[in-house]
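The values are calculated or read from the model by the stated rules, or taken from the named source; none is laboratory data. Small disclaimer: the values here were computed from a predicted structure and weren't measured. Here the Cβ positions follow ideal geometry from the backbone for every residue, glycine too, while neighbour counts run over all protein chains shown.
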Amino acid sequence: MDKYAVIGNPVSHSKSPQIHASFAEQTGAALEYGAILAEKDKFRETAERFFAADGKGANVTVPFKEEAFNLANSLSTEAGKAGAVNTLSLDAEGKLCGHNTDGIGLVTDIKTNHGGSLTNKSILVLGAGGAARGILQPFLDENPALICIANRTVSKAESLAELYRDSGDISACGFDDLEGRQYDWIINATSASLQGDILPVPIELVGEKTWCYDLMYANEPTAFCRWSQQAGAGKIMDGLGMLVEQAAESFLLWRGIRPQTREVIDRLRSS
Ligand code: NAP
């Protein structure tokens, strides 16, 4: 049996083992996929131990994506630009390769599962952490009209926008600067919903044609999804589809086959 795992802290809540078990069943792959809790200062040792014990690939989740970036011997273009790795694979020589499938997972969910488009659209990205870093290049590849990154710590949004300055119309600001603006898309890439926090941004940002997407997912509507509903958004989505799509991209990297995702998303949604 080939061994795979997700490494994080916390990790017990992760739906990745369930998702990859469905992919294995669907594709007839003989594999096991576990969840490994790494102590906060022990990511490197934990990952190295897993691969030394014949692990074939790993997903990396909060808070270790930057450490995984540092651990990898080589990086995909997306991971290099994002400065964050969510998937580790082995090359032919047994060296660790770092990838970032979060952005492509989100874009696939938006386009394929929700029938959305980012092309020529104005996009507000709330947050400038690891998830925001991972989605910017795949978003820019869709040729949006503009992207604005707004973050609680404005300097982080500014340095992120600076990194992508040559790739499109991309700017940065604080939440206070959003007064009087409206966007086609509002993407919540903050972790505020984890604590149930409502972001201090004006409700007028949302028009009746605005599509709102929270990267977080939960069994109940997230704080951001509830806020979007009150604001009258045209469509509201959470990150469950992104989670399954990024997992399918990891599976493709490891096994050379991209599993079907629709049924897996539906099953998770109703479980
Ligand atoms: P992160 O690196 O820790 O960044 C957190 C971001 O949230 C920062 O921009 C931070 O602002 C902001 N923030 C946190 N609490 C806030 C609050 N109360 N008010 C305003 N801003 C707040 O986390 P991450 O890895 O980017 O993850 C962000 C979210 O994306 C999480 O909910 C995660 O679960 C989700 N995610 C989902 C998927 C998926 O597949 N669906 C994949 C990746 C991530 P400061 O810079 O000011 O601290």
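Of Ala248, Ala192, all but one fail to be at pLDDT below 95 and touching a helix residue (DSSP H, G or I) at 6+ places or on another chain (Cβ under 8 Å); the exception is Ala192.
Annotation note: Cβ proximity below 7 Å between a residue of segment 16-36 that is on the phi > 0 side of the Ramachandran plot and in the same structural domain as Glu245 (by TED's automatic domain parsing) and a residue that is among the charged types (D, E, K, R) and in a loop (DSSP other than H, G, I, E, B) (sequence gap 6+ or interchain) occurs for no pair.
Listed residues Thr101, Thr119; which is of a type in the set (Val, Ile, Thr) and closer than 30 Å to Ala58 by Cβ?
Just a single option satisfies the conditions, and that option is Thr101.
Per the conditions (1) within 25 Å of Ala248 (Cα to Cα); (2) more than 18 Å from the chain's Cα centre (by Cα); (3) of a type in the set (Lys, Arg), the sole criterion not satisfied by Arg152 is (1).
The residue of segment 227-271 that is surrounded by the most Cβ atoms within 10 Å (Cβ to Cβ), among those that are of a type in the set (Lys, Arg) and in contact (Cβ under 8 Å) with a residue 24 or more places away in the chain, is Arg255.
Remark: pairs (first residue in segment 40-54, aromatic (Phe, Trp, Tyr); second residue part of a helix (DSSP H, G or I); Cβ separation under 8 Å; 6+ apart in sequence or on different chains) = Phe43/Glu67; Phe43/Ala68; Phe43/Leu71. Taking (1) modelled with pLDDT of 95 or more; (2) closer than 30 Å to Arg262 by Cα in turn, Arg181 satisfies each apart from (2).
Restricting Trp254, Trp227 to those that are within 14 Å of the ligand (Cβ to nearest atom), on the phi < 0 side of the Ramachandran plot and over 18 Å from the mean Cα position of the chain (by Cα) reduces the list to Trp227. Of the residues making up segment 54-81, those that are out of contact with any Phe, Trp or Tyr (no Cβ under 8 Å at 6 or more places or on another chain), part of a helix (DSSP H, G or I) and not basic (Lys, Arg) are Glu66, Phe69, Asn70, Thr77, Glu78, Gly80. Only a single criterion out of (1) within 16 Å of the ligand (Cβ to nearest atom); (2) among the polar types (S, T, N, Q); (3) in contact with a helix residue (DSSP H, G or I) (Cβ under 9 Å, 6 or more places away or on another chain) is not satisfied by Thr153, namely (3).
Within segment 44-90, the set of residues being of a type in the set (A, V, I, L, M), closer than 15 Å to Gly134 by Cα and more than 16 Å from the ligand (Cβ to nearest atom) comprises Leu75 only. Among the residues making up segment 118-140, a single one is more than 7 Å from the ligand (Cβ to nearest atom), in contact with a helix residue (DSSP H, G or I) (Cβ under 7 Å, 6 or more places away or on another chain) and either in a loop (DSSP other than H, G, I, E, B) or not assigned by TED's automatic domain parsing to the domain that holds Ala161 (or both): Leu118.
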